[in-house]
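Below: the structure, in structure tokens.
The values are calculated or read from the model by the stated rules, or taken from the named source; none is laboratory data. No experiment lies behind these values; they were computed from the predicted model shown. Note that each Cβ is placed from the backbone with ideal geometry, even for glycine, and that neighbours are counted across all protein chains shown. Each accessible area value is taken on the protein alone, full model and side chains, heavy atoms only, with ligands, DNA and RNA left out. Shrake-Rupley method; radii C 1.70, N 1.55, O 1.52, S 1.80 Å.
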Amino acid sequence: ETIGDAFIGVTNLIKDQDDHTMRIAQFAIDCIEAARQTPISLDDPTIGHVIIRVGFHSGPAVASVVGSRLPKYTVLGDSVNTAARMETSSLPGRIQCTEQSALLLAKQCPA
């Protein structure tokens, strides 16, 4: 889902995934890398590359179609709001997650 200039990605929504936090963390890493490789302008590469911020959180969410005139599939819940706060307070080119996600990530992807 997109909200303004933000993108929301969700794992473990349709079926249980034991590695859902690892999946979203890898997706976040891939997004940061893809942005770093994307020039802001093809005509003037000296301008630089796209820089994004990423934030994620692990917790319950609800997904449904909302609206009747212009129906839209959306994801709702405190977890979505928390992830959005992680993104807005993240540094450019960095990934920030909540402690809850970090603990799950440590279990799902031990060093």
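Going by a ≥ b ≥ c, the root eigenvalues of the Cα gyration tensor, does the chain fall in the rounded group (a/c under 1.5), the prolate group (a/b larger than b/c) or the oblate group? Note, shape of the chain comes out oblate. For the chain, the 222 nm mean residue ellipticity estimated from helices alone, with every DSSP H stretch of n ≥ 4 adding -39500 (n - 2.57) and the total spread over all residues, rounds to -11000 deg cm²/dmol.
Evaluated with a Cβ-only charge set (Lys, Arg +1; Asp, Glu -1), the chain carries a dipole of roughly 220 debye about its Cα centre, given to the nearest 20.
For the chain, the fraction of 1.4 Å probe accessible surface lying on carbon and sulfur atoms is 57 percent.
Residue ranking by accessible heavy-atom surface, 1.4 Å probe, largest first, among Thr2, Thr98 comes out as Thr2, Thr98.
Positive end of the charge dipole of the chain (Lys, Arg +1 and Asp, Glu -1 on Cβ, about the Cα centre): tell me which of Tyr73, Gln108, His20 has its Cα farthest that way. Result: Tyr73, furthest along the dipole toward the positive end.
Each Cα pair under 8 Å and six or more residues apart adds its separation to the average, and for the stretch 25-111 the resulting relative contact order is 28 percent. Exposed loop sites are taken as trypsin sites (Lys or Arg not before Pro) in a DSSP loop (any state but H, G, I, E or B) with at most 10 other beta carbon atoms within 10 Å; the longest stretch of the chain without one runs 16-68.
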